[in-house]
Amino acid sequence: MRIAYITAGAGNMVCGSCLRDNALAAALLEAGHDVLLIPAYTPARTDDPNVSSARVFLGGINVYLQDRYKFFRKMPAAVSRLLDSPLLLRLTTRFGVSVDPAQLGQLTVSMLQGADGNLRAGIRELVRFLAEEVSPEVINLPNSLLISLAPAIKAELDVPVCCTLQGEDLFLDGLGEPYRSQALRLIREHAASVDAFIAVSRFGAQLMSEFLGIEAARIRVVPLGIDARGFVRREAPEPEPFTIGYLARIAPEKGLHVLCEAYRCLRRRAGLPPSRLWAAGYLGPEHRSYLRDIVRKLDVWGLSGDFRYHGELDKSGKQAFLRDLSVFSVPGPYADPKGLFLLEAAAAGVPVVQPRHGAFPEIVEATGGGILVDPGDPERLADGILELWQDPVKRRELGARGFEGVRNRLSAAQMAESALQVYRSLMKENIAKT
């Protein structure tokens, strides 16, 4: 099958959506399919071998200039291509760019206006490339923020168009008015040009059906999968002291502050042995003060010596980090429809303690690698961690289940096969219409 898959680069940040898109494309390629992973905005950044195309469309510099200044909307194609250079885009994002939705409202709406808006030149260039140089049998958009490509594609190509839903509700809710309402209206209008939506969890399907006003029957679920090669279980005894780990983007919605509060609850209980709290993950410029506030609180609580931020880690760094953990938790207050970090922990055989919301119950059920607690309560989270702290046998059993479960039920190959089932059914429907 010939598949064009568009992925939205996030500058210098390794985001879960980029990791998922790259893993899916790599698994489809490994299965023998002709897949072109096409970056938009910036080159895709991933900690696995990057299978994306070198050419970037709708480059971030072009998008910004064309939205703000009429002059740049009529640039010669050669100049536009120069501004979309991967090298230039990497240079401009190497020190981090803000992805704060409060600052991106106008640009988001412009993108969603599609071929009728300020960014029409870049959209038409991408559609021409798909029609003349790729000729795909199916096209997959990475999220609803790029759904304006769907009607433009449909006007030129008679192929099914899918749109993945990967937690855009958080970004859209952060836009502020009037941009939030405008963006939702445009997404709903363009939804008619999409043949099927793909959610990464059952929770995500229900959430986005209600949030975007999409009929539930139009959303197919393709569960997250991971390439677990390279993740190994620790063979030696657990490290001392007992280590609680967090590996995700450092941001309020991911809940590092909640985990620190739970750790404080644990340390205030009598009779507990020494322990430590480790965190790692991408830290954007807009969240540096958030981490500083956490460290200050830990210092006031007398716990700063127990805490260590390991920074952003590459794939081998992640694997080494996870091998040194006793338990894992990313207790975000946001009901996350993805939870890729849980698959990484399970792949390394580390038991997880997670709030019972979002996609977390689905992942814990599928892998068997952890326990769930009531969300939004550091004391309950502390109870869950304490339960595993006091029962090393249960820790090992949960870790072993997670290790096998992610490989047996949530592998990248299984994710690819689920996506192929959607693509094949849409192609049959498309043929039946002709």
Filtering region 1-45 for residues that are of a type in the set (S, T, N, Q), free of Cβ contacts under 8 Å to residues at least 60 places away in the same chain and farther than 19 Å from residue 342 by Cα leaves a count of 1
When the residues of region 36-75 are filtered to those that are within 16 Å of the chain's Cα centre (by Cα) and of a type in the set (Val, Ile, Thr), which remaining residue is surrounded by the most Cβ atoms within 10 Å (Cβ to Cβ)? 42
For the structure I just gave you, tell me whether residue 17 is among the polar types (S, T, N, Q), under 19 Å from the mean Cα position of the chain (by Cα), crowded, with 16+ Cβ neighbours inside 10 Å and part of a helix (DSSP H, G or I). yes
How many residues does region 175-201 hold that are closer than 17 Å to residue 358 by Cβ, in contact with a helix residue (DSSP H, G or I) (Cβ under 6 Å, 6 or more places away or on another chain) and of a type outside the set (Ser, Thr, Tyr)? 1
Can you name the condition, by its number, that residue 87 falls short on among (1) hydrophobic (A, V, I, L, M, F, W, C); (2) within 16 Å of the chain's Cα centre (by Cα); (3) surrounded by fewer than 19 Cβ atoms within 10 Å (Cβ to Cβ)? (2)
Output for Cβ contacts, cut-off 9 Å, separation at least six or different chains, first residue in the same structural domain as residue 17 (by TED's automatic domain parsing) and closer than 18 Å to residue 143 by Cα in region 171-182, second outside any helix (DSSP H, G or I) and of a type in the set (D, E, K, R), reads 174/100
Any residue in region 58-74 that is part of a loop (DSSP other than H, G, I, E, B) and modelled with pLDDT under 75? yes
Residue under question is residue 282, and the condition is that it be over 16 Å from residue 390 (Cα atoms), among the aromatic types (Phe, Trp, Tyr) and outside any strand (DSSP E or B); does it hold? yes
Pick from region 213-244, criterion in a loop (DSSP other than H, G, I, E, B) and of a type in the set (Gly, Ala, Ser), ranking: nearest to residue 339 (Cα to Cα): 225
Among (1) crowded, with 16+ Cβ neighbours inside 10 Å; (2) farther than 19 Å from residue 416 by Cβ; (3) of a type in the set (A, V, I, L, M), there is one condition residue 29 misses while meeting the rest; what is its number? (2)
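The values are calculated or read from the model by the stated rules, or taken from the named source; none is laboratory data. Please read all numbers here as calculations on a predicted model, not as lab measurements. No Cβ is skipped: glycine too gets one built from the backbone with ideal geometry, and neighbour counts run over all protein chains shown.
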